[in-house]
Amino acid sequence: MGFLNYLIFRENYKREEFVLRENKRRECETALNAESLDVFGKEELEEEFRDCTAGDEILKKKISKDLELNIQVVKRIYKIPDNSDLVTRKFNITVKDKVLKGFIVFIDGMTDRVSISNNILQPLMLLSNLDIRENIHDIGEFIYNRLLPFNQIKKVCDFKEITESVNFGGCAVFVDGLECAFAADVKSWEHRSVDTPRSETVIRGSQEAFNEQLRANTALIRKILKDKDLMIESTTIGRRSNTPCAVMYIRDIANDSLVNEVLKRVKSINVDYIFDTGELEQLIEDNTFVAAPQIIATERPDRVATMLSQGNIAVILDGSPYVLVMPATVTEFLHTSEDTNIRYPYVNFIRVIRIIGVVIALLLPGLYIAVTNFHQEMIPTNLLFAIEASRENVPFPSVVEMLIMEFSFELIREAGIRVPGAIGSTIGIVGGLILGQAAVAANLVSPIMIIIVAITALGSFSIPSFSMSFSIRLIRFAYIILGATAGFLGIALGLTINALMLAASKSFGVPFLAPFGPVTKEKYSDKLSRKPIWKQEYRPDYLNPKDIKSQSKISRSWAVKNDKSEGEDDED
């Protein structure tokens, strides 16, 4: 009976009741409208009602000339002194024997204290004591133009702008007698420096990667693309997080309709919090239920710069080291930033290897199951006998054996990613070698199954995009089931359905299978294969760029001159 007592629900009457803020506000409004309240009860309800509506209404208030009233409003907004990282300080400004009271507020840890002291407080408290001969008609203009010339400062007239500035690492300065305040940009917080790429490593090419700071990321792109037409449109996302976001494009290349569509989707997001481009990608992509990714996420500034020069759009989010590039087509997930730095015979060979890797990662397990279960006549006799001999003591059907090995390998891969440091790589070695050998010795799986799963894993590792690799790993299980159910017919049915879904998919209005489905003009030369760099004259026509030509038809003038000079020598 003692154990059953733990399973019986008993309501806790001592716990504090949780009341939604909106319900509390309605209760206060109803009580205030009642006529039977005494004076003291009404004062308490009015105070409680002000607390409930402070977050909504107080931000709409205009800045008052009364400094003490402004101080009380700031303390009510930020719940000072309960909010411990808000720093407030009063000071005096002396202008022509007239003493004005001032007040400054900022968040500790997000601002540069040295800049506040040297460029704001010292000018206001010391320079204002100097001998000023001209008449001062407007104290606000005098402070703005004479005493605060060092920082990026703007005048604000309501508390909503004040909170936005303070929350973004700025400081707000109030002066008694002024109906405006001064918001100064003094943000300074710790952030990770520019590092090498972790998931998109290359041998030949830039070794810089994005970090979590928005302006550092935009500067990395501008350092590569020194183009006067490179535009950055800034906005904020998240009603509460107010995460800074930047949309980058080249004005005289990117299609206006595409730019407007990206801006519309980004600005129409209505969520409380958003912290990473992974969340943003899911909110602006065309189809959530398609396994294939529809937006490119990259950590390489050189790749973003290359795609911007082709007519794509980039979206950068503060706090995320990955930048989103759209639209995306299926071929771009098989390209890397290193492809442009390698001679075209080499890169075409590498791309063939990647395509073979995609086919292996997607179809090899399903084809093996289909052949061994339904189409044994396709296997050479000696190989068939060897496969059956290796599976003689295995108690599971081949499809169950394959699923066990695939799930085991996915488990090893996930463990290797989550375990920190150098232990992660050792987990992959231990899991792949020792556990595989032990499973074969225990007759749980056959040696041929270990080989199939290992080759499949190598094929998935050859895919440059992590998102595309993940989608192929996911779809691979469907092909295993189809191969075990109907053999080649099931795999053909799966390929047909998969092709139809991809053909119907779009990325910001651009067909996902472009330039193959629908077929576009043959001018664009960087598809599955790539022409020599001096023949890449055109940008992707499926993006409808304003300027379709990326270089002159004769980009190697020296070669033409040499040909002409050799012809003249022959005539002589």
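Read the figures in this text as sums done on the coordinates, not as results from a lab. Everything numeric here is computed off the predicted structure, so don't read it as measured data. Every residue, glycine as well, gets a Cβ built from its backbone with ideal geometry; the counts of neighbours run over all protein chains shown.
Some observations on this one:
- Net charge of neighbours whose Cβ lies under 11 Å from the Cβ of residue 530, counting Lys and Arg as +1 and Asp and Glu as -1: +3
- Count Lys and Arg as plus one, Asp and Glu as minus one, and take only other residues whose Cβ is under 9 Å from that of residue 334; the net charge is then +1.
- Descending principal axes extents, the range 438-562, alpha-carbon based, whole Å: 71, 36, 23
- Debye log10 I(q)/I(0) for the range 61-184, one point scatterer per Cα, at q = 0.17, 0.18 Å⁻¹: -0.83, -0.93
- Footprinting exposure proxy for 125, 402 (fewest neighbouring C-beta atoms within 10 Å first): 125, 402
- Förster-model FRET efficiency, 22 Å R0, residue 219 and residue 196, C-beta, rounded to 0.05: 0.80
- Using Cβ point charges alone (K and R +1, D and E -1), the dipole size of the range 214-328 about the Cα centre works out to roughly 360 debye.
- Two numbers describe the Cα atoms of the range 363-511: Rg and Dmax, which are 17.2, 54 Å.
- Dipole check for the range 363-511: with +1 at the C-beta of Lys and Arg, -1 at the C-beta of Asp and Glu, and the Cα centre as origin, the magnitude is about 460 Debye.
- In nm, spacing of pseudo-spin labels at residue 501 and residue 341 (7 Å Cα→C-beta vector): 3.6
- Loop-located GluC sites (Glu not before Pro) in the range 155-244 (DSSP state other than H, G, I, E, B) with a sparse environment of at most 16 neighbouring Cβ atoms within 10 Å: 179, 190, 212.
- Each Lys or Arg adds one and each Asp or Glu takes one away; over the other residues whose Cβ falls under 13 Å from the Cβ of residue 215, this sums to 0.
- Principal axes of the range 409-476: Cα extent on each, largest first, Å: 36, 29, 16
- Compactness relative to 2.2 N^0.38 Å, alpha carbon Rg of the range 214-328: 0.99
- For the range 355-397: rounded, prolate or oblate by the Cα gyration tensor [a/c cutoff 1.5]: prolate
- Descending by average beta-carbon neighbour count within 10 Å, the peptides 263-272, 61-70 line up as 61-70, 263-272, the highest first.
- 485, 235 arranged by Cβ crowding within 10 Å, fewest neighbours leading: 235, 485
- Two-site label geometry, residue 386 and residue 282: point separation in nm, points 7 Å out along Cα→Cβ: 4.6
- Here the residues 534, 189, ranked from fewest to most Cβ neighbours within 10 Å of their Cβ, fall in the order 189, 534.
- Computed from the C-beta positions of residue 559 and residue 228, the FRET efficiency with R₀ = 51 Å rounds to 0.95.
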